[in-house]
1. Inside region 27-99, counting only helices (runs of 4 or more DSSP H) that do not spill past its ends, which hold 2 or more residues that are at pLDDT 95 or above and out of contact with any strand residue (DSSP E or B) (no Cβ under 9 Å at 6 or more places or on another chain)?
2. Looking at region 108-118, can you tell me whether even one residue there is closer than 24 Å to residue 2 by Cα, at pLDDT 95 or above and buried (at least 24 other Cβ atoms within 10 Å of the Cβ)?
3. Do we find a residue being among the β-branched types (Val, Ile, Thr) and either within 18 Å of residue 151 (Cα to Cα) or more than 20 Å from the chain's Cα centre (by Cα) (or both) anywhere in region 20-27?
4. Between a residue in region 97-110 that is closer than 12 Å to residue 84 by Cα and of a type outside the set (Val, Ile, Thr) and any residue that is surrounded by fewer than 18 Cβ atoms within 10 Å (Cβ to Cβ) and at pLDDT below 95, which pairs come within a Cβ distance under 7 Å, given they are 6 or more apart or on different chains?
5. From the list 215, 240, which residue is among the aromatic types (Phe, Trp, Tyr), touching a Phe, Trp or Tyr at 6+ places or on another chain (Cβ under 9 Å), within 17 Å of residue 84 (Cα to Cα) and not in a helix (DSSP H, G or I)?
6. Of all the residues that make up region 121-149, how many are assigned to a helix (DSSP H, G or I), closer than 13 Å to residue 208 by Cβ and among the aliphatic types (A, V, I, L, M)?
7. Would you mention how many residues in region 249-260 are within 14 Å of residue 165 (Cα to Cα) and either surrounded by fewer than 16 Cβ atoms within 10 Å (Cβ to Cβ) or not hydrophobic (A, V, I, L, M, F, W, C) (or both)?
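The values are calculated or read from the model by the stated rules, or taken from the named source; none is laboratory data. Computed from a predicted model, the values in this text were never measured in an experiment. Cβ placement follows ideal geometry from the backbone for every residue including glycine, while neighbour counts extend to all protein chains displayed.
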Amino acid sequence: MLDALRNHWPEYLMEAAGLGTFMVSAGLFGVILFHPASAMVQAIPAPLPRRLLMGLAMGLTAIGIIYSPWGRQSGAHLNPAVTLTFTALGKVAPWDAFFYILAQFVGGMTGVYLALVLLGERFARPPVSYVATMPGKYGPWVAFAAEAVITFILMTVVLTTSNIRRTSRYTGLFAGCLVATYITLVAPISGMSMNPARSFASAFPGGLWDNLWIYFTAPPLGMLAAAGFYRGILKGHDIYCAKLNHHTTRRCIFLGCRFGDLLKGK
């Protein structure tokens, strides 16, 4: 444990900063696009176009983090479900997984509280409500199914694209496009989380605990199912590394990294 903390603390801080940045961005665009007093709400009263704009903003935020210098070094998991899946696949050491997940929760909460300081009551009050993820009108079980499906698709795409030489450079773009699509189409059904740390960070300051179990169970189950599907059904290529973007000269702390072999076509 101490060796992992001593040697890999920069990556842990990068994971915290990455999800913190994502949450500040979510808070800012949530207020701009959904607070009743916002000029955008007056100009675009229909919710679907505003969800599309929110999706584009958050998809670009995710892409920016993945391709940032810090994202290139930490791997830009930003999500306990992603880290757990790569751990189950043997690519992340257990203590690294523990500190990654801890950092993701701390970073997400820090981002929410920073957004609260910057945006005030507009961020805390409905309908923005700390950009909390909540089930839509179809109820919690439909939300659970939606979260499981979208995380299954996301992880299947990540595993497929990141382990093929010609597409590995674009994994972050595919992930960002899926985030944008899901926010536009799935947010009314499940709140569009895919991320236990992200949902907990929004739930904590407002005590919004109802149905939080959905976001702690469905994303890991969906992503672990995708890992099994990739390995067992698709007979996928070797999993070379746990980074979403490995086109970098920055160090890699993950187990058995063989990304160099992928680039060489081995």
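1. Output list reads 47-67, 69-74, 80-88.
2. yes
3. no
4. If the second residue must be surrounded by fewer than 18 Cβ atoms within 10 Å (Cβ to Cβ) and at pLDDT below 95, the pairs left are 99/5.
5. After ruling out the rest, the residue left standing is 240.
6. Total meeting the criteria: 2.
7. 2
This table checks each residue for (1) closer than 24 Å to residue 111 by Cβ; (2) touching a residue at least 40 places away in the same chain (Cβ under 8 Å); (3) crowded, with 20+ Cβ neighbours inside 10 Å.
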| site | (1), (2), (3) |
| --- | --- |
| 153 | no, yes, no |
| 167 | no, no, no |
| 170 | no, no, no |
| 175 | yes, yes, yes |
| 188 | yes, yes, no |
| 205 | yes, yes, no |
| 219 | yes, yes, yes |
| 247 | no, yes, no |
